[in-house]
């Protein structure tokens, strides 16, 4: 999947990641309840997800399944953010996060542990 998912499409994906396969009807009911979408809006967003290769649709019953994982989408979003705001430099992102003072000591410790474990691999 090469195309960016928009927030409305991420809402559909979140349900599929959480619940696995769902019919379009089930998605429409869940999104009507949680965000007030009409059935038409939900079906339009599902179609966009299918066109982007994020969702696979099978018959019978217009069953939808995520074709990409949450990790793939998060990774794509992270690199897009880094490219757009930090000139493609992950270290500038990390510096901005740490320099903001909004990262707790526990979170900073987890970051260090993550970097160490990745270096050891």
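Could you state the number of Å between the C-alpha centres of segment 1-28 and segment 38-106?
Here the two parts' Cα centres lie 11 Å apart.
Under a GNM of the chain (C-alpha, springs under 10 Å), which listed residue has the highest mean-square fluctuation: 25, 109, 47?
Of the options given, 109 has the highest mean-square fluctuation.
Grab the eigenvalues of the alpha-carbon gyration tensor for segment 7-70, scale each by 5, take roots, and send me the semi-axes largest first in whole angstrom. Walk me through the intermediate numbers first.
Working: eigenvalues 48, 32, 25 Å².
In descending order the semi-axes read 15, 13, 11 Å.
So what is the 222 nm mean residue ellipticity for the chain from helices alone, if each DSSP H run of at least 4 adds -39500 (n - 2.57) and you divide by all residues, rounding to the nearest 500 deg cm²/dmol?
-21500 deg cm²/dmol
Does the chain come out rounded, prolate or oblate, given a ≥ b ≥ c as the square roots of the eigenvalues of its C-alpha gyration tensor, rounded meaning a/c under 1.5 and, failing that, prolate meaning a/b above b/c? Provide the component values of the computation, followed by the final result.
Details: a/c = 2.36, a/b = 2.31, b/c = 1.02.
Taking the square roots of the gyration eigenvalues as a ≥ b ≥ c, the chain is prolate.
For the ranges 112-118, 53-59, what's the packing order if you count other beta-carbon atoms within 10 Å of each residue, average per peptide, and put the highest first?
Details: 112-118: 9.6, 53-59: 15.0.
Answer by packing, highest mean first, reads 53-59, 112-118.
Find the relative contact order for the chain and round it to a whole percent, using C-alpha pairs within less than 8 Å whose residues are 6+ positions apart. Before the final figure, lay out the partial values.
Numbers: 93 pairs, mean separation 26.7, N = 121.
Relative contact order here is 22 percent.
Express in nm, to one decimal, how much length is gained between residue 115 and residue 8 on full extension, taking 0.36 nm for each residue of separation and deducting their alpha carbon distance.
Working: separation 107, 0.36 × 107 = 38.52 nm, distance 3.28 nm.
That pair, residue 115 and residue 8, stretches by 35.2 nm at full extension.
So for segment 40-107, what percent of the C-alpha to C-alpha distances run longer than 18 Å?
Numbers: 1335 of 2278 pairs.
The share of Cα pairs beyond 18 Å in segment 40-107 comes to 59 percent.
Rule-based calculations on the coordinates, nothing more; no lab input. Everything quoted here is computed from the prediction, not taken from an experiment. Reconstructed Cβ throughout: ideal geometry from the backbone, glycine too, with neighbour counts over all protein chains shown.
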